[in-house]
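First comes the structure, then the notes that go with it.
The values are calculated or read from the model by the stated rules, or taken from the named source; none is laboratory data. All figures in this text were calculated on a predicted structure; none of them were measured in a lab. Cβ sites come from the backbone with ideal geometry, for glycine too, and all protein chains shown count toward neighbours.
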Amino acid sequence: MILIKDAYVIDPAQPYEGPAELLIEQGRIRQFAPKGRLRRPPKAQVVEAQGLWVLPGLIDMHTHLREPGFEHKETIKTGTLAALRGGFTTVCAMANTNPVNDNAGITEFILRKAQAEGHAKVLPVGAISKGQKGQELAEMALMKDAGCVAFSDDGHPVQSALLMRRALEYAAGLDTLVITHAEDPALSEGGVMNEGLLALRMGLRGIPAQAEAVAVFRDLALAALTGGRLHVAHVSTAEAVNLIRQGKDRGLRISAETCPHYFSLTEEAVEGYNTNAKVNPPLRTEKDLQAIREALRDGTLDVIATDHAPHAPEEKAQQFDQAPSGASGLETALALSFALVREEVLTPMQMVEKFTTNPARVLGIEPPALREGAEANLVIFDPERAWTVNPREFLSKGKNTPFEGKELQGQVVATVFRGDLRKWL
């Protein structure tokens, strides 16, 4: 039994924002009341939360747990532990494993592994195409029955418009979601950073913003044709934002996400050939960054996701051209997003929505909530605590972060998953 006292609660599902106390018993929230209304049960473990925020457990719609096949980068055990430390009690595991999660057997393996070793709830995302090769639809109905909550070839754009059309049509029949990795490979081929003067000066081949915009335009057109539910992953450009905004104005069944690195960094972070700042899509310009922030503010971008992409140190130690793309993001995402609150881009409630009720709505799952009777999944966050990012302290195997040495404000103090309290500080 756990009593959380004197907390500042932000819960979009109720909705509620203000002082409150919570009593957790047998894995569930037994009581929720305004400050000072709960009596301390004799055997309760008391958590003094004065000055702290209590939020529903966060959902990450876009996590690469790497298992099966790439356990040297991350495992379900280490990835979900890093998630929990970052405040995430639910993560969506992307399909680009080895073997690819393109059949019910792999989906079931991931769920069994998560049940046995996971520290957070794992929701598998199945592949759109067999082997993520973009040639033949995967067994989407069987994978949904096995536990997949969405379908994506993330990491590999679906080049065939016909196959993407079929995927959206099939998914619509299953009332499920297609997540697009919006990239035109003909435009991005060989590119390793944003196309522009900096890439020219560094002698690196660039990826134009239009590689994302062209793919978004195509997939919005296919969503309009099919009536399917489309979610655009890791949006990085102003052009894509404008297209998504127009699509929403037209009433299309679309949603979109961005990641903290796209509203916190520009292409300048790759100066010095910093491979930890090599991500896909690449970091863009200040204009793009500001467009992303505005799209979060006005709701064009529904979700903040991490695109947690851990790599082994020796992989990122290669030359910039050869190093893999991706950043380890689970343990820094909330603090980086809290910067938007401090800068008055988002309200606290809006920020929490983008990590809780919005991804739940997009995925079609029950939103996390702090109401009485709900499963006790929550995060305790100190908005005043300053800390310096030290990847050696990450619980993820992936130490590859472009934020190393950066001072952030706001840190997760503790996480409760299914009633189990884990203190980090």
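Please go through segment 157-166 and give me each residue that is assigned to a helix (DSSP H, G or I) and in contact (Cβ under 8 Å) with a residue 40 or more places away in the chain, ordered by number. Ala161, Met164, Arg165, listed by residue number.
Would it be correct to say that Ile24 is of a type outside the set (Gly, Ala, Ser), in contact with a Gly (Cβ under 6 Å, 6 or more places away or on another chain) and either touching a residue at least 60 places away in the same chain (Cβ under 8 Å) or more than 30 Å from Ala150 (Cβ to Cβ) (or both)? Yes; evaluated as a whole, the condition is true for this residue.
Residues that are free of Cβ contacts under 8 Å to residues at least 60 places away in the same chain and closer than 22 Å to His231 by Cα within segment 331-357 comprise Leu346, Gln350, Met351, Lys354, listed in sequence order. Residues that are over 21 Å from the mean Cα position of the chain (by Cα), crowded, with 22+ Cβ neighbours inside 10 Å and of a type in the set (Val, Ile, Thr) number at least 1 in none of the helices (runs of 4 or more DSSP H) confined to segment 322-425.
Screening segment 49-117 for strands (runs of 3 or more DSSP E) wholly inside it with 2 or more residues that are more than 17 Å from the chain's Cα centre (by Cα) returns the ranges 53-56. Consider Glu271 carefully, then state whether it is assigned by TED's automatic domain parsing to the domain that holds Thr332, modelled with pLDDT of 95 or more and within 28 Å of Thr347 (Cα to Cα). Considered against the rule, which asks whether it is assigned by TED's automatic domain parsing to the domain that holds Thr332, modelled with pLDDT of 95 or more and within 28 Å of Thr347 (Cα to Cα), Glu271 comes out as no. Could you please let me know if Tyr8 is aromatic (Phe, Trp, Tyr), in the same structural domain as Gln411 (by TED's automatic domain parsing) and either in contact (Cβ under 8 Å) with a residue 60 or more places away in the chain or within 29 Å of Ala150 (Cβ to Cβ) (or both)? So Tyr8 does not fit the description; no.
Each row is one residue, and each column tells you yes or no for (1) closer than 21 Å to Gly326 by Cα; (2) among the acidic types (Asp, Glu); (3) surrounded by 22 or more Cβ atoms within 10 Å (Cβ to Cβ).
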{"site": "Glu108", "(1), (2), (3)": "no, yes, no"}
{"site": "Glu117", "(1), (2), (3)": "no, yes, no"}
{"site": "Val125", "(1), (2), (3)": "yes, no, yes"}
{"site": "Gly134", "(1), (2), (3)": "no, no, no"}
{"site": "Ser160", "(1), (2), (3)": "no, no, no"}
{"site": "Gly173", "(1), (2), (3)": "no, no, no"}
